[in-house]
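Asks: I am attaching a structure below and will ask some questions about it afterwards.
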Amino acid sequence: TLIYLGDLDLVFAAAAAGLKAGGRFAATVEIADDGVVVCESGRFAHGNAHWRAAAEKHGFTLAWVEDLALRLEDADPVPGRLCVAQRA
């Protein structure tokens, strides 16, 4: 769901503003080795450190992280990650 957004800071700021303590925010990202990269498809991929830093900056802890295939692109699975962050 976050493949159309680069920097995740504003996403987590908005989630933090809309969630009470204990609330959860779930999203999927394409996997990057580091930081934020633009894929050949024009979509963004996010490194684990970028996701975590944006979440923690806005008072979230990662409650669940699972690697999975997001979709098929030219019959090949696109590696992704499901991340669930919980508001402190």
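Asks: On a 0 to 90° scale, report how tilted helix 48-57 is relative to the longest principal axis of the chain, with both axes built from alpha carbons and the result rounded to the nearest 10.
Replies: Helix 48-57 and the main axis of the chain meet at about 20 degrees.
Asks: What Kirkwood hydrodynamic radius do you get for the chain when you take the inverse of the mean 1/r over all pairs of distinct Cα atoms, in Å? Before the final figure, lay out the partial values.
Replies: Values: mean 1/r = 0.0762 Å⁻¹.
Mean inverse Cα-Cα distance, inverted, gives 13.1 Å.
Asks: Before rounding to the nearest 500, sum -39500 (n - 2.57) across all DSSP H runs of length at least 4 in the chain and divide by the residue total; then give [θ] at 222 nm in deg cm²/dmol.
Replies: Details: 2 runs with 20 residues, N = 88.
Mean residue ellipticity, 222 nm, calculated: -6500 deg cm²/dmol.
Asks: Okay, moving on. GluC sites (Glu not before Pro), restricted to the range 1-70: which are DSSP loop and have at most 16 other Cβ atoms within 10 Å?
Replies: Glu40
Asks: Tell me, in nm to one decimal, what length is gained between Glu40 and Ala53 on full extension, where the rule is 0.36 nm per residue of separation less the Cα-Cα distance? Mind dumping the intermediate values first?
Replies: Numbers: separation 13, 0.36 × 13 = 4.68 nm, distance 2.50 nm.
Separation in residues times 0.36 nm, less the Cα-Cα distance, equals 2.2 nm.
Each reported figure results from applying straightforward, stated rules to the coordinates on display, with no laboratory input. Treat the numbers as computed from the prediction; the structure is a model and nothing was measured. Cβ sites come from the backbone with ideal geometry, for glycine too, and all protein chains shown count toward neighbours.
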